[in-house]
Amino acid sequence: MFVRELVLRQRIEILNALCSSGSAEHLEQVLDILLSQGELTWEDYQNIQVSGRALHCNARKLLDLVYIKGEDTCGLFFAAFKIVLPDAKGVGTSSSGCSSTLEEKEEHQSTCTETLLTQRPSLVEKLRGCIDGALEDLVTSGHFTSADCCEVQLPIHTPCQQARRLLDHVRSKGESAAKVVLQFIQHKQEPVSPLSQEKWTPPKEVLKYQKKLSSSISAQSCFLSTYGGTSHMSLDDIYTDGQLELAHNCVDVNGPLSLEDIVGAVGTVNKEADTVLVSGEAGGGKSTLLQRLHLLWARGAALQDFLLLFPFSCRRLNSEQRELSLQELLFQHCCWPDRQQEEIFQFILDHPHLILFTFDGLDELKQSFSDEHRHCCPTQRAPVHILLFNLIQGSLMKGVRKVVTSRPEAVGPLLKKHLCKEVLLKGFSPSGIDCFVRKHHSDAHVAAKVLESLRTNTALLGLCHSPVLCWIVSQCHKELLGCGEGSLQTITDVYLMILRHFFQHQSSQKNTTGLCWLQQHLQTVLHLGKLAFDGIGATCYIFSGTDLETCGVTEKDICMGFLMQSKDISTHAEGYEFLHLTMQCFFAALYIVLSENTDRSTIPKLFETQKMKEAGQSSRCFIACLPSTDQPQRPSGGETTAAETPNRQITATFVSGLLSHRHRNLWLHCCPSAVMEKRVRQVVKCLSKGMQKHFKSIPQPVEGEKKSMHAMPDFVWLIKCIYEMQEDRVAKDAMSKLEVDHLKLTYCNIGPVECTALAYVLQHLRNPVGLQLDNNSVGDVGVEQLLPCMHICNSLHLRNNNITDEGIRKLLAKTIQCENFKKIALFNNNLTDACTQHFSHLLKIKQNFVSLRLGNNNLTEKGAKQLAEGLACNHSLQYLGLWGNKIGDAGAESLATALENSKTLVWLSLVDNGVGSAGACALSNIIKNCTSLEELW
Ligand code: ADP
């Protein structure tokens, strides 16, 4: 078919591909290429690229024009299209040879103006990071006025678009202006930091403002708020690095990310976006991480490419009722310039690459992210959330770097579209826990005792990967060391420990009443519980004096230390917030369990799964939990907020834990036992129903295939609730109806805590399953947590899970005794030759073991030799995968000797192992002698 005809036939697909993102970038890139090739004249370009006209119209104009121009232009259009959108579906030439190739144009043209055209794509790329410098040269040389600069730098333009507008303007100014730009690019040195790139020093007033801003940020961030009520702990003394990972695989990244990498270019997936998302669970350390970044910046110890940093808390922005301009937002919420506000703001607008914004807790904002309402004008007022969303997506102040934190559940595809990258914060590593506890206790003896008690209680150790729990455990070390070994098992146990800790330490009054500690403080629990519960329903985390009064919170209740004074610098109004969001959820759960006023439908609604909600059975759970008279004002027209589901799920997890049989003595005198029993029955029923819903959604297997279930996030949450209850009968009941051969939980954010819960529940399965946990954060501690369910596993997939030799040693010591256990996949972990002796032993003992996959680890010749010892004695193994190790010729020879007479081996992969001719010769014996072998890689 002729390409010209394809332009017609594929018109819809082409238009969709070019325009569906809403950004003009793709179309403009295609135009750049066609201009540089001389396929479009400058006049053509101006006819197509009409500013202010809808993107679709411009794209249609281009298609009309290339069609008119004929076969060759259409061919080049497709070639350009493929460069810009290589993965676009349904667009392109057939294989019938009509594809055109783009020519590399000569570097040296007769005039500089021509060079600007023929080199346009690469000039755009080179200029996008240094527009300011180029403009400055053009102004100094008298070619550009400040009005020209403003037009180029309109905040609605992306950096690439600014570069194009600059080139367009330069063209209109003639040859000598073009020469200035080309000289500027030529002189541009290797990348240097933007600050040093600018030869000037910023104006004095700006420097003064910077000083004021940094000293205010430093004062706000040098102490940790959780310690506010107890003891002052400086961030320097306690800060411990959390585990940071890129959400997307990135070949350039080796080893863990550093704090500065969050803001840097590493791992960027969308160059046009300026927003980085740091996502992590509640209590995972997101706010603390930002606080650390702020402090380091304020002291001049990091992020020095940024002259000004503006920190925002979405929680505090919730209380901003007024419409604000960007200037008001920056100055009123962060730091007020004493003089020359206008000049400073203009400086900010003119130098976006020197500015950093951080937004903590996007999930706590009352409004969910949306990019519907465009707001591009920095001086016009708008509701704060509109300003925020436009900053994030770059319609406002394009080019400013933004770091946003959120819980992962609250981040939808709409937001992801505007991210340059996503970084996952995965709590503390095992050595991080160690480090935190040692920092927390100045007495090394106490630290050692706490760590020892964690080592003997691995379920608790698993919980301590979450920094907030690590903090509680350290804080309550006396209670921890006082209680019998292993008695703290669940998240609820840990929060009950801190509840008791605060009551016993903060309360001056001695308990002479003979009442148990909870009974003694029941009124405080109910007051704070109601405040927490109502607050979550209304997405409210900062409470006014009136809110406190409405819930009966007294001065004495406040003194207990669960609330801290809120530092709302915008309104200067006094407010209170819970020490941590999870603490608010815990109090909400206490209220649901202990209050006589909670509605009958509260518990069922709390346990609704996402699916049920989507089916429209109830639109908004938490709000619906409240009695109708108490319902607070909703943020906006009927929408659920991003935080609602995660908050509800954390609260439900606590409710399950509080209603556990183990804690019932505590409630004995606080709530009538009949009421308590009823609530327990309700929770058990909800959990059972929730699980069944999941099971029912499992598709029937295709004939000949295994029945497989791919778990949804709600499934893991329900499992965690069952674990919190610690009642075997509930776990047994849940598993009695699960009939699958394979349980897939890949990319489900499974860490040690989830492993504990999974093992607790799955051990009650009736028939063996394959358990697939690839791409999570199981680690060695998680592996140890999984041991109780290994007897019911026939295969275990743990690809990409940070597992080391020590985890494998413990795992194999257990699985060697498990009759059902036949397959293991450990691709991409941290295994070395130190683990192969354990596999060798397993292969010798287990004569029904079928599949061993150890690809992409660090095994060498030594490990291969050790494996060979086991393989020589094994008569069952069918699959052996060692792809991407370093076993070399000698390793291959050992394996070949061990396997050449195998009667069972079907598949062997030694790809990418440095195996040369000698190894290949040895392997040829396997091909010769091993008749079962079907594939050798
Ligand atoms: P998130 O914002 O993810 O909910 P936070 O940053 O508020 O979590 O952390 C909760 C608590 O955990 C903090 O108040 C602090 O006590 C502790 N914490 C979190 N991260 C760290 C860290 N990197 N170093 C020391 N303590 C931390």
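If you scan segment 791-808, which residues turn out to be assigned to a loop (DSSP other than H, G, I, E, B) and open to solvent by 30 Å² or more (accessible area, probe 1.4 Å)? Step through it out loud before you land on a result.
Going residue by residue through segment 791-808, those that are assigned to a loop (DSSP other than H, G, I, E, B) are 798-803.
Passing the criteria: ARG799, ASN800, ASN802.
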TODO: Read through the list (1) assigned to a helix (DSSP H, G or I); (2) open to solvent by 10 Å² or more (accessible area, probe 1.4 Å); (3) touching a residue at least 24 places away in the same chain (Cβ under 8 Å); (4) over 17 Å from ARG164 (Cα atoms), then give the number of the only condition that ASN16 fails.
DONE: (3)
- [ ] Could you list all residues from segment 306-340 that are of a type in the set (Lys, Arg), part of a loop (DSSP other than H, G, I, E, B) and crowded, with 18+ Cβ neighbours inside 10 Å?
- [x] none
Task: segment 523-555, residues that are surrounded by fewer than 19 Cβ atoms within 10 Å (Cβ to Cβ) and not acidic (Asp, Glu) - done: GLN523, SER544, GLY545, THR546, THR550, GLY552, THR554
Task: Which numbered condition ILE824 fails, given (1) β-branched (Val, Ile, Thr); (2) under 31 Å from the mean Cα position of the chain (by Cα); (3) surrounded by fewer than 21 Cβ atoms within 10 Å (Cβ to Cβ); (4) closer than 20 Å to VAL906 by Cβ - done: (3)
Open item on the list: Could you check segment 384-415 and list, in sequence order, the residues that are touching a residue at least 60 places away in the same chain (Cβ under 8 Å), assigned to a helix (DSSP H, G or I) and open to solvent by 20 Å² or more (accessible area, probe 1.4 Å)?
Closed with: HIS385, GLN393, PRO408, GLU409, ALA410
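Here is a yes/no grid of residues against (1) over 30 Å from ARG664 (Cβ atoms); (2) assigned to a helix (DSSP H, G or I); (3) not hydrophobic (A, V, I, L, M, F, W, C):
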position: TRP717; (1), (2), (3): no, yes, no
position: CYS721; (1), (2), (3): no, yes, no
position: GLU724; (1), (2), (3): no, yes, yes
position: ASN776; (1), (2), (3): yes, no, yes
position: CYS789; (1), (2), (3): no, yes, no
Open item on the list: So VAL404 passes all but one of these: (1) farther than 30 Å from SER21 by Cα; (2) within 16 Å of the ligand (Cβ to nearest atom); (3) β-branched (Val, Ile, Thr). Which condition number does it fail?
Closed with: (1)
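Among the listed residues LEU419, LEU362, LEU414, LEU425, identify the single one that is within 16 Å of the ligand (Cβ to nearest atom), within 23 Å of the chain's Cα centre (by Cα) and over 19 Å from ARG315 (Cα atoms). Reasoning before the result, please.
Details: LEU419 fails: within 16 Å of the ligand (Cβ to nearest atom); LEU362 fails: over 19 Å from ARG315 (Cα atoms); LEU414 fails: within 16 Å of the ligand (Cβ to nearest atom).
Sole residue among the options that is within 16 Å of the ligand (Cβ to nearest atom), within 23 Å of the chain's Cα centre (by Cα) and over 19 Å from ARG315 (Cα atoms): LEU425.
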TODO: Would you confirm whether any residue within segment 257-270 is open to solvent by less than 40 Å² (accessible area, probe 1.4 Å), modelled with pLDDT under 90, within 16 Å of the ligand (Cβ to nearest atom) and part of a loop (DSSP other than H, G, I, E, B)?
DONE: yes
Open item on the list: Suppose we filter segment 1-13 for residues that are open to solvent by 20 Å² or more (accessible area, probe 1.4 Å) and in contact (Cβ under 8 Å) with a residue 40 or more places away in the chain; how many remain?
Closed with: 7
Open item on the list: For segment 905-916, check the following and say yes or no: at least one residue is of a type in the set (Ser, Thr, Tyr) and out of contact with any Phe, Trp or Tyr (no Cβ under 7 Å at 6 or more places or on another chain).
Closed with: no
TODO: Could you please find all residues in segment 823-843 being within 20 Å of GLY782 (Cα to Cα) and touching a strand residue (DSSP E or B) at 6+ places or on another chain (Cβ under 7 Å)?
DONE: LYS823, ILE824, ALA825, LEU826, PHE827, ASN830, LEU831, THR832, PHE839
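Quickly run through segment 358-370 and pick out the residues that are assigned to a loop (DSSP other than H, G, I, E, B) and open to solvent by 30 Å² or more (accessible area, probe 1.4 Å). Can you show your working first?
So the first thing to find is which residues in segment 358-370 are assigned to a loop (DSSP other than H, G, I, E, B), and the list is 361, 365-370.
Those that are assigned to a loop (DSSP other than H, G, I, E, B) and open to solvent by 30 Å² or more (accessible area, probe 1.4 Å): LYS366, GLN367, SER368, PHE369, SER370.
Are any residues in segment 924-937 within 17 Å of ASN885 (Cα to Cα) and surrounded by 13 or more Cβ atoms within 10 Å (Cβ to Cβ), and if so, which ones? Break it down stepwise before answering.
Residues of segment 924-937 within 17 Å of ASN885 (Cα to Cα): 936-937.
Result: LEU936, single match.
Which members of segment 435-447 meet the condition of being open to solvent by less than 40 Å² (accessible area, probe 1.4 Å) and away from the ligand (no atom under 11 Å from the Cβ)?
Initially, segment 435-447 is screened for residues open to solvent by less than 40 Å² (accessible area, probe 1.4 Å), giving 436-437, 440-441, 446-447.
Passing the criteria: HIS441, VAL446, ALA447.
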TODO: Any residue in segment 879-902 that's among the acidic types (Asp, Glu): show its pairings with residues that are surrounded by 18 or more Cβ atoms within 10 Å (Cβ to Cβ) at Cβ separation under 7 Å, as long as the two are six or more apart or on different chains.
DONE: ASP889/VAL915; ASP889/GLY919; GLU893/GLY919; GLU893/ALA922; GLU900/ILE926; GLU900/CYS930
- [ ] Please go through segment 279-301 and pick out each residue that is within 21 Å of PHE428 (Cβ to Cβ), open to solvent by less than 20 Å² (accessible area, probe 1.4 Å) and more than 9 Å from the ligand (Cβ to nearest atom).
- [x] SER279, LEU293, LEU295
TODO: Output the residue which, of all residues in segment 365-379 that are in contact with a helix residue (DSSP H, G or I) (Cβ under 6 Å, 6 or more places away or on another chain) and within 16 Å of LEU330 (Cβ to Cβ), is nearest to the ligand (Cβ to nearest atom).
DONE: HIS375
TODO: Filter segment 656-679 for residues that are over 38 Å from the mean Cα position of the chain (by Cα) and open to solvent by 40 Å² or more (accessible area, probe 1.4 Å) and give the result.
DONE: ASN665, LEU668, HIS669, PRO672, SER673, ALA674, VAL675, GLU677, LYS678
Open item on the list: Show the residue pairs meeting these rules: Cβ distance below 7 Å; 6+ apart or different chains; first residue within segment 207-219 and in contact (Cβ under 8 Å) with a residue 40 or more places away in the chain; second residue open to solvent by 40 Å² or more (accessible area, probe 1.4 Å) and assigned to a helix (DSSP H, G or I).
Closed with: SER218/ARG299
- [ ] Pairs only if they're at least six apart or on different chains, beta carbon under 8 angstrom, first in segment 661-672 and touching a residue at least 60 places away in the same chain (Cβ under 8 Å), second surrounded by 13 or more Cβ atoms within 10 Å (Cβ to Cβ) and acidic (Asp, Glu); list them, first residue then second.
- [x] HIS661/GLU727
Open item on the list: Can you list residue pairs whose Cβ atoms sit under 6 Å apart, with the first residue in segment 143-164 being in contact (Cβ under 8 Å) with a residue 40 or more places away in the chain and the second being surrounded by fewer than 18 Cβ atoms within 10 Å (Cβ to Cβ)? Count only pairs 6 or more apart in sequence or on different chains.
Closed with: ILE156/CYS376; THR158/GLU272
TODO: Look at segment 446-469 and say how many of its residues are part of a helix (DSSP H, G or I), more than 25 Å from SER287 (Cβ to Cβ) and at pLDDT below 90.
DONE: 8
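Can you name the residue in segment 779-791 that is aliphatic (A, V, I, L, M) and at pLDDT 95 or above and, of all such residues, is farthest from the chain's Cα centre (by Cα)?
MET790
The values are calculated or read from the model by the stated rules, or taken from the named source; none is laboratory data. Please read all numbers here as calculations on a predicted model, not as lab measurements. Here Cβ is always computed from backbone atoms with ideal geometry, including for glycine, and neighbour counts include all displayed protein chains. Keep in mind that these areas ignore ligands, DNA and RNA; they rest on the heavy atoms of the full protein, side chains included. Shrake-Rupley method; radii C 1.70, N 1.55, O 1.52, S 1.80 Å.
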